[in-house]
Amino acid sequence: MNPFTWNERYSLGQPQTDSDHQALFRLAEQLYDAVKNGAAQDQLDGYLARLESYARFHFEDEEALMRRIGFPELAQHRQEHQEFLARLSSLESLFRSGSAHLDEATLEFLGGWLERHVCGTDQRLAQFNNAGEARSSCAKEKMGAKRGVLHHPSGISEQEHSVTK
């Protein structure tokens, strides 16, 4: 199963942000599929470039929102964005030069970062923007886990997986 398949638990309850996040997950999912299917280097390079480009677009948009609403964690949030883009850019350069290969570890980094960022840092932004009202599925899942509700690690049912395609 592709670890980048969008799941409603990532939803923050903010349509534009959720749409952007879905696009990021789709691009990462395409990269994952290409790696798993043994795509040629130039194809993989194209997927990496699109992912980096869209991440930059989304991060700029998200940071503009944070400035507009006076989000107190703007500097930390921006730093996370910059570190991710630097890592992605470095990976892209190493990949183009033939010094690095896209492998499981790289894909795990991307997937882990996206999930942690959306369900952590972006969750706090959504709570602040929603005047403290936690509407996201990430927050509901965390609250459920505190009450002893167990969740499947992938968080994706077969029905949800087919809906996202």
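Laboratory data are not the source of any read-out in this text; all were calculated from the coordinates shown. Predicted model only: the values in this text are computed from it and were never measured. All Cβ positions, glycine included, derive from the backbone under ideal geometry; neighbour counts span all protein chains shown.
Could you go through region 81-90 in sequence order and give the Karplus-derived ³J(HN,Hα) for each residue, using 6.51 cos²θ - 1.76 cosθ + 1.60 with θ = phi - 60°, rounded to whole Hz, and x for Gly and Pro?
Taking θ as phi minus 60°, the curve returns 4, 5, 5, 5, 5, 5, 5, 5, 5, 4 Hz for region 81-90.
Subtract the Cα-Cα distance of Arg87 and Leu74 from 0.36 nm times their separation in residues, and report this length gain in nm to one decimal.
Roughly 2.7 nm would be gained on extension.
How would region 1-98 be classified by its alpha-carbon gyration tensor: rounded, prolate or oblate, with rounded meaning a/c under 1.5 and the a/b versus b/c comparison settling the rest? Numbers along the way, then the final one.
Details: a/c = 2.83, a/b = 1.51, b/c = 1.87.
Verdict is oblate for region 1-98.
What are the ³J(HN,Hα) values, in whole Hz, obtained from phi via the Karplus relation 6.51 cos²θ - 1.76 cosθ + 1.60 with θ = phi - 60°, for each residue of region 10-19 in sequence order, with x given for Gly and Pro?
3J(HN,Hα) across region 10-19, in whole Hz: 7, 5, 9, x, 10, x, 5, 5, 4, 4.
What whole number of Å gives the distance from the Cα centroid of region 80-105 to the Cα centroid of region 8-22?
25
What distance in nm lies between label points placed 7 Å from Cα along the C-beta direction at Asp61 and Leu94?
3.0
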